[in-house]
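See below for the structure under consideration.
The values are calculated or read from the model by the stated rules, or taken from the named source; none is laboratory data. Only a predicted model underlies this, so the values are computations on that prediction, with no experimental measurement involved. Virtual Cβ from ideal backbone geometry, glycine too; neighbours counted across all protein chains shown. For the accessible areas, the whole protein counts, side chains as well, though only heavy atoms, and no ligand, DNA or RNA atoms are used. Shrake-Rupley method; radii C 1.70, N 1.55, O 1.52, S 1.80 Å.
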Amino acid sequence: MSDLQEEGKSAINAPMSPASADVQPEDTQLEENEERTMIDPASREDPKFKELVKVLLDWINDVLVEDRIIVKQLEEDLYDGQVLQKLLEKLANRKLNVAEVTQSEIGQKQKLQTVLEAVFDLLRPHGWALRWSVDSIHGKNLVAILHLLVALATHFRAPIRLPEHVSVQVVVVRKREGLLHSSHVSEELTSTTEQMMGRFERDAFDTLFDHAPDKLNVVKKSLITFVNKQLNKLNLEVTELETQFADGVYLVLLMGLLEDYFVPLHNFYLTPESFDQKVHNVSFAFELMLDGGLRKPKARPEDVVNLDLKSTLRVLYNLFTKYKDVE
């Protein structure tokens with residue numbers, strides 16, 4: 001065993017490889033041409049990486065709370081397919097034809113195969129690049145598991161905000177001619193929210209956030225003045241754009257005021273409680289905007305509900321450009 005450890009360490013510490021990578025004994029027991037990957041310890045300590053793991057853990061536990069399932073460690077709790085099966089069934093509202101409990105490795109991989117095929121059927125129409133496999137998930141490859149969860153969270157529009165631009169350094173170890181060879185690659189886990197949602201066109205707000213954050217308060221003040229000019233008619237007032245429009249109520253009322261009509265209360269939730277009710281309200285407000293001749297908002301309703309300031313500003317600025325002279 002000590003010889004294997006030394007062989008592994010010498011491979012990891014070879015030229016072009018990170019000296020800090022911590023190779024465990026099991027990582028050195030490779031068959032000829034077998035490959036194994038591990039996250040560089042420094043990447044594991046990156047605050048954005050930790051945030052991504054925590055956000056996904058909390059999301060899974062929220063989804064599965066009624067099943068009394070608590071996930072504490074992604075690679076240890078998801079590798080056998082049991083939790084992934086329950087998660088997908090909840091998200092997709094469908095039952096998978098798999099055995100409930102599988103102890104053997106063959107049974108676990110069969111379950112994983114069924115679950116991942118169902119995921120593939122969901123994601124394929126949207127052109128997702130699948131960066132996981134039965135073997136990588138069952139092998140407790142955290143990078144593969146994170147790729148899968150990010151894809152599911154994005155596809156099902158999870159009520160979470162994934163941290164943007166999360167990348168990790170991955171050590172890839174392969175055995176060739178009896179010797180271990182390693183390489184170091186960067187793996188992108190998340191890009192921007194908009195890119196993950198399939199919107200690549202940048203606009204003035206991207207530039208504002210990236211290059212002129214000092215001007216952001218000026219824009220926010222202008223928009224607050226604009227919306228309050230209307231909402232004050234109902235004795236309502238906005239002070240925080242990112243939070244007070246998140247449930248969609250003010251957006252709906254604002255459209256009625258701008259277009260000079262009464263919005264029937266049965267068309268939206270005046271006091272929404274759930275995420276779905278808030279999304280309904282924002283979606284309804286978007287429909288009213290389309291009816292008013294505005295272009296379809298670039299933002300998703302879920303982005304507004306998730307307190308994404310850039311998305312909220314885009315929606316309000318769209319209204320400002322058309323209605324700024326409305327008394």
For D308, the accessible surface traced by a 1.4 Å probe with all protein chains present amounts, in square angstrom to the nearest 10, to 40 Å²
Here the stretch 236-253 yields Karplus 3J(HN,Hα) values (6.51, -1.76, 1.60; θ = phi - 60°; whole Hz; Gly and Pro given as x) of 10, 8, 10, 10, 10, 5, 5, 9, 7, 9, 5, 8, x, 5, 5, 5, 5, 4
Largest-first ranking of S191, S186, S133 by accessible area, probe 1.4 Å, whole protein assembly kept, is S186, S133, S191
tail above 19 Å in the computed P(r) of the stretch 40-194, as % of all Cα-Cα pairs, reads 56 percent
Residue by residue through the stretch 311-317, the couplings from Karplus 6.51 cos²θ - 1.76 cosθ + 1.60 with θ = phi - 60°, in Hz, x for Gly and Pro, are 5, 5, 4, 4, 5, 5, 5
Beyond 23 Å (Cα-Cα) in this structure, taken from K296/K324; K221/K310; K54/K95; K48/K220; K86/K140; K54/K109, we find K54/K95; K48/K220; K54/K109
So S133 and T321, fully extended at 0.36 nm per residue minus their Cα-Cα distance, gain in nm 62.9 nm
Per the Kirkwood formula over distinct C-alpha pairs, the hydrodynamic radius of the stretch 57-103 in angstrom is 11.1 Å
Beyond 18 Å (Cα-Cα) in this structure, taken from K229/K322; K298/K322; K111/K175; K215/K278, we find K111/K175; K215/K278
For the pair E188 and A42, the simple spin-label estimate (label points 7 Å beyond Cα toward Cβ) gives in nm 2.1 nm
The correct ranking of I137, I70, I160 by accessible area at 1.4 Å, largest first, is I70, I160, I137
Under a 1.4 Å probe, counting only protein heavy atoms, F120 has an accessible area in Å², nearest 10, of 80 Å²
Descending accessible area (1.4 Å probe), largest on the left, turns V185, V172 into V185, V172
extent check for the stretch 67-128: Cα max minus min per principal axis, descending, whole Å, gives 32, 25, 21
Given a Förster distance of 25 Å, the FRET efficiency implied by the Cβ-Cβ spacing of F262 and E240, rounded to the nearest 0.05, works out to 0.40
Using the Kirkwood radius over Cα pairs of the stretch 273-320, the Stokes-Einstein translational diffusion coefficient at 25 °C and 0.890 mPa s, in µm²/s and rounded to a whole number, is 228 µm²/s
Share of Cα-Cα pairs in the stretch 129-172 beyond 18 Å, whole percent, is 33 percent
